[in-house]
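Novice: Submitted below is the structure of interest, expressed as C-alpha cells.
The values are calculated or read from the model by the stated rules, or taken from the named source; none is laboratory data. Quick caveat, the model's predicted, so the values are computed rather than measured. Cβ placement follows ideal geometry from the backbone for every residue including glycine, while neighbour counts extend to all protein chains displayed. Calculation scope for accessible area: heavy atoms of the full protein, side chains included, ligands and nucleic acids excluded. Shrake-Rupley method; radii C 1.70, N 1.55, O 1.52, S 1.80 Å.
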Amino acid sequence: MIAKQLREVQNNILEACKKSGRDPQEVTLIAVSKTKPISMIEEAISAGQSIFGENKVQELCMKYDSLPKNLSWHLIGHLQRNKVKYIADKAALIHSVDSLKLAQTIDQEGKKHNRIVPVLIEVNVAGEESKFGVSVEETIGLIEEVSKLPNVQIKGLMTIAPFVENPEENRTIFRKLKQLSVDIKGKNMNNVYMDILSMGMTNDYQVAVEEGATMVRVGTGIFGERDYSKTI
Ligand SMILES: *Cc1c(COP(=O)(O)O)cnc(C)c1O
C-alpha cells in the first residue's frame, strides 16, 4: 500500500514539473512519518524512500536509533531550544528556525559536534496567528543575524500554508515565498544560500511544485491518515 502511494505522489510531482516546465531532479520528496510506526517506515524504505520528516524531537531520535544510518531525518516541526541538543548531530536539515535565540542554540550545539547545521527559516507567509514562523517583513532581518553564526548554515525558506479546501487558494502563498527567496538570493549575503524552498503538503504539493518548491513534505498522501490517539 505504501509503495503504491509513494509512486502516486512521485508521479504527481512529475506531472506538476511537466506542467510548469521544471526539472523533476530539483524536487525532493520528504516522507513525513510522524506518528507512524517503524514497520511502515520500513515499507517506505523498501520502496526506495530514504528521506523522512518528523515534527517531534523524541520521535525523531527513537526512529533514528531504530533504523539504518543511511537515511536522512528532517526536523520539520516547531523546535524548543532545550531539545536542540538531542538532534544537533542527527537532523539532516532543520526546517523550522524562526528566532535568533533558537538559531544561537543550534549554533552552540552544532559547535559541540563540530558540525555546521543546515537550517531553513520558517516564514508564516499567510500571517496565521496559530502558526509559528517569522513574518515576511521580519525574514531578512532574522537572516542577517543568523548568517553570522558559524555553526549554522541557512539553506533556504520553509512555510506551512493554511489548510484550505482548494489547493489553488495557496498558490499566492507559495508564490510569495518563492519571490522572497529570490529577493534574498539577490542580496548575495555571506553564509546564506537560497537553494531550498520547503513548501507543500499532502493537500497542496502539486501547486507548490508548480510555484517552485524544491522540497515537499508529504505525510498522509504516503502513509494514510494519522491517528493521534495512539502513541508510539
Ligand atoms: C505533518 C506535517 C506535514 C505533512 O502533512 P500531511 O498533510 O500529512 O502531508 C508537513 N509539514 C509539516 C511541518 C508537518 O507538521
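Novice: Using the Karplus curve 6.51 cos²θ - 1.76 cosθ + 1.60 with θ = phi - 60°, what ³J(HN,Hα) values do you get for each residue of region 103-113, in whole Hz, with x for Gly and Pro?
Specialist: 4, 5, 5, 4, 4, 5, 6, x, 4, 4, 9
Novice: So, R0 is 30 Å and r is the distance between the beta-carbons of LYS4 and LYS90; what FRET efficiency does that work out to, to 0.05?
Specialist: My answer for the efficiency is 0.50.
Novice: If you plug each phi of region 49-61 into the Karplus form 6.51 cos²θ - 1.76 cosθ + 1.60 with θ = phi - 60°, what whole-Hz ³J(HN,Hα) values come out, in order, with x for Gly and Pro?
Specialist: Using θ = phi - 60°, the values come out as 7, 10, 10, 10, x, 10, 10, 10, 4, 4, 5, 4, 5 Hz.
Novice: List the longest stretch of the chain that has no exposed loop site; here a site is one of the chymotrypsin sites (Phe, Trp or Tyr not before Pro) assigned by DSSP to anything other than H, G, I, E or B, with at most 12 other Cβ within 10 Å.
Specialist: The segment 1-162 is the longest one with no such site.
Novice: Over the chain, average the accessible area per residue using a 1.4 Å probe and give it in Å², no decimals.
Specialist: In whole numbers, the chain has 49 Å² accessible per residue.
Novice: At 0.36 nm per residue, minus the direct Cα-Cα distance, what do SER39 and SER20 gain on full extension? Give it in nm, one decimal, please.
Specialist: In short, 3.3 nm is gained.
Novice: Shifting gears a bit: Any chance you could run the full-extension gain for ASN70 through SER46? It's 0.36 nm times the residue separation minus the Cα-Cα distance, nm to one decimal.
Specialist: 7.3 nm
Novice: Quick one: among ALA213, ALA103, ALA16, which has the greatest mean-square fluctuation in a GNM of the chain with alpha-carbon springs under 10 angstrom?
Specialist: ALA16
Novice: Now for a separate question. What's the carbon and sulfur percent of the chain's accessible surface, probe 1.4 angstrom, rounded to a whole number?
Specialist: Exposed carbon and sulfur together represent 47 percent of the surface.
Novice: How large is the dipole of the chain about the Cα centre if only Lys and Arg carry +1 and Asp and Glu carry -1, each at its Cβ, rounded to the nearest 20 debye?
Specialist: Value, rounded to 20: 680 debye.
Novice: In addition: Taking GluC sites (Glu not before Pro) as candidate sites, keep only those in a DSSP loop with at most 15 other Cβ atoms within 10 Å, then name the longest stretch of the chain containing none of them.
Specialist: 1-127
Novice: Based on the Cβ-Cβ distance of LYS176 and GLN58, what FRET efficiency does E = 1/(1 + (r/R0)^6) give at R0 = 35 Å, to the nearest 0.05?
Specialist: E between LYS176 and GLN58, to the nearest 0.05, is 0.55.
Novice: Taking 0.36 nm per intervening residue step and subtracting the Cα-Cα distance, what contour gain separates ARG81 from ARG226 on full extension?
Specialist: Additional length available on full extension: 49.6 nm.
Novice: Ok, one more. So what are the ³J(HN,Hα) numbers for region 14-29, from phi and the Karplus equation (6.51, -1.76, 1.60; θ = phi - 60°), rounded to whole Hz, Gly and Pro as x?
Specialist: With the stated coefficients, region 14-29 comes to 4, 4, 5, 5, 4, 4, 9, x, 9, 7, x, 4, 6, 10, 9, 8 Hz.
Novice: Can I ask one more? Of LYS90/LYS155; LYS4/LYS176; LYS69/LYS176; LYS111/LYS176; LYS18/LYS131; LYS56/LYS111, which ones are farther than 26 Å apart at the Cα?
Specialist: Listed pairs above 26 Å: LYS4/LYS176; LYS69/LYS176; LYS111/LYS176; LYS18/LYS131.
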